[in-house]
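Heads up: the structure comes next, in structure tokens.
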Amino acid sequence: TSIEEYAFSECSSLKQITIPSSVTKIGYSAFMNCSSLEQITMPALLTSIEAGTFQSCCSLKQINIPSSVTIINDEAFYNCKSLIHISLSSSLISIGDHSFENCSSLIEINIPSSVTSIGKSVFIGCTLLSQVSIPSSVKDIGSHAFKNAHH
């Protein structure tokens, strides 16, 4: 039912993974520095993406966040330099600090209307980010959220 902290961290040869539907929790930094990881299928019952889960997965190009996810924690996708497309959960409430920092290939992001909080430095260094939709539901945007982003 869970993948624990650092479980696949530093698995530099791991290219793709399908997480079984029984998994509801993925621990802190579980896939950090999986530099060859290109594709991941997440389980439908996952409720949050923990801090640093996919940090520095520099080959990851796209990801679909299951609709059950309500929180993306700090640095979840930090330094995912190849990430071009991310589909956010329609139940998402909060995007943590530095979540997409240095995702320098990210071009656009559509923030769902369920989101109320965007953390600090979330899109800092997203130099290709040219289209962002922020719904009126967002009540708090942290400092430097879009610093050095192309917008």
Quiz prompt | Whole-number percent relative contact order across the chain, with pairs defined as alpha carbons under 8 Å at least 6 apart | solution = 15
Quiz item: Residues of the chain: accessible area per residue at 1.4 Å, in Å²?
Solution: 46
Quiz prompt | Cβ crowding within 10 Å averaged over residues, with 65-71, 12-18, 48-54, 93-99 ranked highest first | solution = 48-54, 93-99, 65-71, 12-18
Quiz prompt | Total lysine pairs under 24 Å (Cα atoms) in the chain, excluding pairs fewer than 8 apart on one chain | solution = 12
Quiz item: HN-Hα J couplings of region 62-74 from phi, Karplus 6.51/-1.76/1.60, θ = phi - 60°, integer Hz, Gly and Pro as x?
Solution: 8, 8, 10, 7, x, 5, 7, 6, 10, 9, 10, 7, 3
Quiz item: When the convex hull of the Cα atoms of the chain is projected onto a plane and the area is averaged over all directions, what value comes out in nm²?
Solution: 7.1
Quiz item: For the chain, what % of the accessible area comes from carbon and sulfur atoms, probe 1.4 Å?
Solution: 48
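The values are calculated or read from the model by the stated rules, or taken from the named source; none is laboratory data. Remember, predicted model here, so these are calculated numbers, not experimental data. Virtual Cβ from ideal backbone geometry, glycine too; neighbours counted across all protein chains shown. Side chains included, ligands, DNA and RNA excluded: accessible areas come from the protein's heavy atoms. Shrake-Rupley method; radii C 1.70, N 1.55, O 1.52, S 1.80 Å.
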